[in-house]
Every structure is written in structure tokens, then in C-alpha cells.
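Trainee: Mind having a look at this structure? Questions to follow.
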Amino acid sequence: MAKDKNEKLKMSKEQKAELKFEKKKLKENAKQERKKIYEQLNTPLASETDPTNIAKKAKMKKIKKEKEKGDWKTSFREFPVKMVKEVNKIRWTSGNTLGRKFVYTLIFVFIFAVFFFLVDLGLQKLFEALFII
């Protein structure tokens, strides 16, 4: 590892630029290959029931389409619209259902309050009988 660092320090600027260019080129090639595969999988076949088409669709779900870098100004403008769409997807409960669940919760709390009171009273009587308190 120390040798790698020393070798990197000894490299000339041209060699570093060349390595950087090669990495960038490899990255671009991989991106093009993924894009090509995605386009191939996205093309519809003659019949939808063809087993090969079903397999391709399954593969397509695994390959994520890369997001293009967008302009932050347009993203900022579109944000409220996206939020409204997301809020509209929410299914709100009705007043009757909400009221019924509230009553169930109150009953549950009351029952457990009585239960814990009785447990406390029982422990108190037990400790008095054993002369602990």
C-alpha cells in the first residue's frame, strides 16, 4: 500500500490525467451499455404472452434507469405539484371509523387502568400480610 502511494506521487501530471481519462471512459462505456440494455428490454415484442418477453420484463425491473441530472430550478418549481399529488394518494379515514377507534382506545386504557389498580392493591395487601410494609 505504501508503494502505491509512492508510485502515485512519482507519476507525472500527464499520467494522472491519462488515468483519469481512462476511468471516465470506462464509466461512460458502462453507462452506454446499461442504457443499451434498458432500451433493448423496453422494446415491445409481438406477443405479450411470449415467455422470453416475460423474462425480459423481469430483467428490466432489476435494471434501474439512470436519472438524468435535472435543473434545480425546475425541480424547485415542480416540488409543490409533486407534493399535492402525493397527498392526494393518501386515503384518509372517515369520521365514523376514527371515532370508533377512539372509543376503543379509551375503553382499552380504562380496562388496563382498573387492572393495574387491582394488581397494586393486591401487592399492597400481600406485603401487609407478610409484614414488609
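Trainee: Separation between the TRP92 and LEU19 pseudo-spin-labels, each 7 Å from Cα along Cα→Cβ, expressed in nm?
Mentor: 6.0
Trainee: Something else about it: Past 32 Å, Cα to Cα: identify those pairs from LYS27/LYS73; LYS20/LYS85; LYS13/LYS36; LYS101/LYS125; LYS16/LYS73, in the order given.
Mentor: Beyond 32 Å between Cα atoms: LYS20/LYS85; LYS13/LYS36; LYS101/LYS125; LYS16/LYS73.
Trainee: Pulled fully out, how much extra length does the chain show between LYS36 and PHE115, if you take 0.36 nm times their separation in residues and subtract their Cα-Cα distance? Display every interim value, and only then the final one.
Mentor: Working: separation 79, 0.36 × 79 = 28.44 nm, distance 6.67 nm.
Separation in residues times 0.36 nm, less the Cα-Cα distance, equals 21.8 nm.
Trainee: List, in order, the whole-Hz ³J(HN,Hα) value for each residue of region 75-85 obtained from phi through the Karplus relation with A = 6.51, B = -1.76, C = 1.60 and θ = phi - 60°; use x for Gly and Pro.
Mentor: Couplings: 4, 5, 6, 7, 4, x, 5, 5, 5, 4, 4 Hz.
Taken together, the values in this text are just the output of simple stated rules run on the coordinates, not laboratory data. Not measured: the values here are computed from a predicted model. Note that we place each Cβ from the backbone using ideal geometry, even for glycine, and neighbour counts take in every protein chain shown.
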